[in-house]
Each structure stands twice: as structure tokens, then as C-alpha cells.
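**Student:** Sending over a structure as C-alpha cells; questions will come in a sec.
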Amino acid sequence: MGFGANAIRELGVRLISIDRPGLGQSTNDPEKTFASWAEDVREILVAENLLGTEVGAVGFSQGGPFALALAAAGIVNAVALVSAQDELGHPSVRSAVAGEVVAMLDAVNDDPDQFEEHFRSFATADGLWDLIVSMSHPHDRKYYEEPTFAAAYQQALTSGFSQGPQGYVRDLVIAMAPWPFLIDDLLTPIDLWYGGLDTSTVHSPDHGESLASRIRHSRRVLRPDEGGSLLWTNAREILAGVLRSM
């Protein structure tokens, strides 16, 4: 799903939206990891003659850790994390995470294969849409439920689940398990965008404050009157920030 079409034209940005393996039309990879995802993106950049040029990454929600994986692999020059999922099991974060999310973290750590198999049995595009809407602040629900936007969002989810739930569930396990790279060591400039009204239990419980403290070259932007829909309501500013960082 795209964002910021008018801003892209204005800023002269080329936006490439990639389906991770198992999502949309991208072949499923049951062994997918952060490292394999980074190599997938490297191959795409090679194919597009972009490797070695200035490339930034924007990661929204569960895409946040996958964007950080590109920074850890040295593939991108700048990253924007937007309403991004934190490393929820990290000691500085776990104590602030909702109880049901802690239970999921424990299940992933105890037996990731069993968790993956169990979650696949009921993960659907419609179920994910209902979950997103139900855990969102009224500020976001008003935006998400606007008919044109809702249709586009639901179409994107339907496309994402077109091969079944395995791609999404694999991503969920990867993102909720301990991250295999140290964000404290990242040298890539990283912007963290959060809305003070974001009520999602799987983004960041402190709106990126802990993340920002652990990332050496980071800039945290907190919009007190915004929610989790920042990717669309602040698209121009997010993209301009990536360009400045590059």
C-alpha cells in the first residue's frame, strides 16, 4: 500500500513498495529471517541498478523492525520508523507491554514453530482489519474508516493474505522474537515518528522513547495530537526527513 503520492511527486522520490516473502505475489519462504529479507532487498536493488546509490527505508508498524534490519545490513542510508513496533521483549520495554502481548512474546520464545502453526489457523485479512480498527484511537478510526481509504487498506490486506496467512505469521514471529542485531550499534541515521494518541498495543508502549535512547543517530518526532496513522497524515514530512538524513 502506497502513501504520500503528492509528496512523492513534489520531492522527486521514487517509492518502491516490496512484498515480503509470502505476502502478495512474493513467493513464500518458510525459513525467512531478518537476514534473508535484507538479502532479498539487496538483490532487488542490484536488479534496479540502485545498490550503492542513496536509498532510504520507511517501516510502518510491523515493518519497522524489517526496516531496521536493512540498516543493520548496511543496505540503506537512512530509515524512518513510523508508528513502528518496538523490540517488545527488550528489558527496557517489556514491563510496559500489555498482558496479552506479553503472553504472545512468551509463546514465541518458548516454541516459535508451535506459535506459528497455531496462529496460522485463524489469521485472516478480515481479522487483521478488525484488530487494527479495534485497537486504534478514535482519531485513527475516523481516518481508517473513511470509505475510500478503508477500501484501499482492505484491498492491500486481501492482497497480502492472497497466499494464505503463512507470510504474515512468519513476519509476526520474526518481529516478536529477540532481534538478532544490536540497534545500539547502528550508524544509520534513523527518524522515529509516533503519535501521542496511538493506542496500538503492538507498536511502542512509550512512543519510541526507549528506541530513541538506544539508537545512537536517531531523531524522535512525537506528534501529540496524532495517532498511529502518521504514515498518511504526515507523509511529506516523513519523506523529507529521510531525504535530509541521506
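**Student:** Hey, can you tell me all the residues within segment 141-167 that are closer than 22 Å to His118 by Cα, open to solvent by less than 50 Å² (accessible area, probe 1.4 Å) and either hydroxyl-bearing (Ser, Thr, Tyr) or assigned to a loop (DSSP other than H, G, I, E, B) (or both)?
**Tutor:** Within segment 141-167, Phe161, Gly164, Pro165 meet the criteria.
**Student:** Within segment 203-218, how many residues turn out to be closer than 18 Å to Asn77 by Cα and outside any loop (DSSP other than H, G, I, E, B)?
**Tutor:** Of the residues in that region, 2 qualify.
**Student:** Determine whether Arg9 is surrounded by 14 or more Cβ atoms within 10 Å (Cβ to Cβ), assigned to a helix (DSSP H, G or I) and over 16 Å from the mean Cα position of the chain (by Cα).
**Tutor:** no
**Student:** Still on this structure, I have one more. Name every residue in segment 117-136 that is open to solvent by 50 Å² or more (accessible area, probe 1.4 Å) and closer than 16 Å to Phe60 by Cβ, in order of residue number.
**Tutor:** Correct list: Leu131 only.
**Student:** List pairs: first residue in segment 1-30 and hydroxyl-bearing (Ser, Thr, Tyr), second residue not in a helix (DSSP H, G or I) anywhere in the structure, Cβ distance under 8 angstrom, at least six positions apart or on different chains.
**Tutor:** So the pair list comes out as Ser17/Met1; Ser17/Gly2; Ser26/Ile18; Ser26/Asp19; Ser26/Arg20; Thr27/Pro21.
**Student:** Filter segment 209-229 for residues that are touching a Gly at 6+ places or on another chain (Cβ under 6 Å), charged (D, E, K, R) and closer than 17 Å to Gln85 by Cβ and give the result.
**Tutor:** Arg220
**Student:** Criterion first (part of a loop (DSSP other than H, G, I, E, B), open to solvent by 40 Å² or more (accessible area, probe 1.4 Å), touching a residue at least 40 places away in the same chain (Cβ under 8 Å) and over 21 Å from Gly56 (Cβ atoms)) does Ser200 satisfy it?
**Tutor:** Criteria not met by Ser200.
**Student:** Say we look at segment 82-114 and pick out the residues that are free of Cβ contacts under 8 Å to residues at least 60 places away in the same chain and of a type in the set (A, V, I, L, M, F, W, C); which of these is farthest from Leu222 (Cα to Cα)?
**Tutor:** Selected residue: Ala107.
**Student:** Check Ala67, Ala35 and return the single one that is of a type outside the set (Ser, Thr, Tyr), part of a helix (DSSP H, G or I), open to solvent by 40 Å² or more (accessible area, probe 1.4 Å) and in contact (Cβ under 8 Å) with a residue 12 or more places away in the chain.
**Tutor:** Going through Ala67, Ala35 in turn, just one is of a type outside the set (Ser, Thr, Tyr), part of a helix (DSSP H, G or I), open to solvent by 40 Å² or more (accessible area, probe 1.4 Å) and in contact (Cβ under 8 Å) with a residue 12 or more places away in the chain: Ala35.
**Student:** Filter segment 87-99 for residues that are in a helix (DSSP H, G or I) and out of contact with any Ser or Thr (no Cβ under 7 Å at 6 or more places or on another chain); which is least open to solvent (accessible area, probe 1.4 Å)?
**Tutor:** Gly99
**Student:** Between Gly52, Gly56, which is at pLDDT below 95 and open to solvent by 30 Å² or more (accessible area, probe 1.4 Å)?
**Tutor:** Being at pLDDT below 95 and open to solvent by 30 Å² or more (accessible area, probe 1.4 Å) holds for just one of Gly52, Gly56, which is Gly52.
The values are calculated or read from the model by the stated rules, or taken from the named source; none is laboratory data. Keep in mind the model is a prediction, meaning the values are calculated, not measured. Here the Cβ is made from the backbone with ideal geometry for all residues, glycine too, and neighbour counts use every protein chain on show. Just so you know, the surface numbers come from the protein's heavy atoms only, side chains and all, with ligands and any DNA or RNA stripped out. Shrake-Rupley method; radii C 1.70, N 1.55, O 1.52, S 1.80 Å.
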